[in-house]
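The values are calculated or read from the model by the stated rules, or taken from the named source; none is laboratory data. Note that this is a predicted model, so its numbers are computed, not measured. When we count neighbours, we look across all protein chains shown, and the Cβ atoms used for this are built from the backbone with ideal geometry, even at glycine. Heavy atoms of the whole protein, side chains included, go into the accessibility calculation; ligands, DNA and RNA do not. Shrake-Rupley method; radii C 1.70, N 1.55, O 1.52, S 1.80 Å.
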Amino acid sequence: MRALLPALMLLILSSLPALPQTEPVRILNQTELSAHSFFAVQTGRQDWGSNLLTRGPLQPGAELRLRPAQNTGCRFDLRMVLSDGREIINRGMDICAEKVVAMQTPLPRPPGAAAPAPGAPPQAGRGRASTGTGFVVARDRVLTNHHVIDGCNAINIRTADGRTLPATMPARVDVQRDLALLAVPNDPGPVLPFRANPVRRGESVVTYGFPLAGLLAAGPTLTTGEVSALAGLANNEQHFQISAPVQQGNSGGPLLDRQGHVMGVIVSKLNAQRIAQRTGDIPQNVNFAVKGTEALGFLRRAGVEPTLRESAPTELSAAEVGERAHPSTVFIRCEK
């Protein structure tokens, strides 16, 4: 009987569930930039799962504490995406043995190399990348320009709350109007309403988007201006001409009135260098947006009924308009 006792005790102990780790793993951001995404998955998993930075970016020098669930093992792959798009990936980390993991600045990308897509798993031989802006027009639907997503092999969306979501290939496109509707599951943000009343020349406008990603601020940029003309280049009746400054990366973002309602979709800027070569004069603040009425027609043809709001004569401040647009405006990265 005594000889059987140790074996019996071993049998009882081995049948108990694994105890959770009492000490969390500390993830240190030892880079010079904030991180907008962090992923931790068991080694061997094919995708990166969900972004764990649910409370906002992880600042330089800050730490994230993780407590793995029971029975998940010790080997994990870790991935941090910095505000300039660079990735830090540590594979096969033994988190049972190493309770502190330092995520350090990766080697610089070669000149001209594309930044990695937020939320996309690393791939060998990755091609070019481009960025743009979009905004939520219906549940799980994002509107942008066709040229922002044209030729993409993968499209990833970064929401205002820092989540990275994959977008499916366009649910609908209109090449002639340069518009595209993306399906983005998992609630990319609240719907941004369109303006119901007509637009007048000289009205104040606000743009909100992500110009020159990797060079300017990682977050959205706001600019102000006016509706300069009710037609675009070569009298294009589908466009507004606006004076609000826009740059590469603003494409697909909302053009807003001073009530925070969508008047149009930012589409392009005048090529000042080419005009100067032809005329000898440098044009100032000549930019274009697809009219809201054109976007509304496109959405309805795609089976989406947009939200409309009448805009009152009173104006909000530009800051207040930006606060209204922020939760609904998303950053788009296209992998080609």
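Would you be able to say whether some residue in the stretch 230-242 is open to solvent by less than 30 Å² (accessible area, probe 1.4 Å), part of a loop (DSSP other than H, G, I, E, B), among the polar types (S, T, N, Q) and closer than 16 Å to residue 294 by Cβ? No, the stretch 230-242 has no match at all.
The residue of the stretch 297-312 that is nearest to residue 172 (Cα to Cα), among those that are in contact with a Lys or Arg (Cβ under 8 Å, 6 or more places away or on another chain) and open to solvent by less than 50 Å² (accessible area, probe 1.4 Å), is 302.
Considering 254, 313, 306, the condition of being over 21 Å from the mean Cα position of the chain (by Cα) and either modelled with pLDDT of 90 or more or among the hydroxyl-bearing types (Ser, Thr, Tyr) (or both) is satisfied by 306 alone.
Under the condition of being of a type in the set (A, V, I, L, M, F, W, C) and assigned to a strand (DSSP E or B), the residues counted in the stretch 86-101 number 5.
Consider the stretch 314-331 and keep the residues that are among the polar types (S, T, N, Q) and touching a strand residue (DSSP E or B) at 6+ places or on another chain (Cβ under 9 Å). The one that is surrounded by the fewest Cβ atoms within 10 Å (Cβ to Cβ) is 328. Scanning the stretch 186-204 for residues that are open to solvent by less than 60 Å² (accessible area, probe 1.4 Å) and either at pLDDT below 95 or more than 23 Å from the chain's Cα centre (by Cα) (or both) yields 195, 196, 197, 199, 202, 203, 204. Condition first: within 18 Å of residue 145 (Cα to Cα) and assigned to a strand (DSSP E or B). Can you find one or more residues in the stretch 183-198 that meet it? Checked against the condition, which is being within 18 Å of residue 145 (Cα to Cα) and assigned to a strand (DSSP E or B), the stretch 183-198 yields at least one hit.
Evaluating residue 43 against the criteria (1) open to solvent by less than 40 Å² (accessible area, probe 1.4 Å); (2) in contact with a Phe, Trp or Tyr (Cβ under 8 Å, 6 or more places away or on another chain); (3) modelled with pLDDT of 80 or more leaves one unmet condition, (1). Taken together, the residues in the stretch 49-85 that are out of contact with any Lys or Arg (no Cβ under 6 Å at 6 or more places or on another chain) and either part of a loop (DSSP other than H, G, I, E, B) or among the polar types (S, T, N, Q) (or both) amount to 23.
The residues of the stretch 47-75 include none that are surrounded by 18 or more Cβ atoms within 10 Å (Cβ to Cβ), free of Cβ contacts under 8 Å to residues at least 60 places away in the same chain and either among the polar types (S, T, N, Q) or touching a Gly at 6+ places or on another chain (Cβ under 8 Å) (or both).
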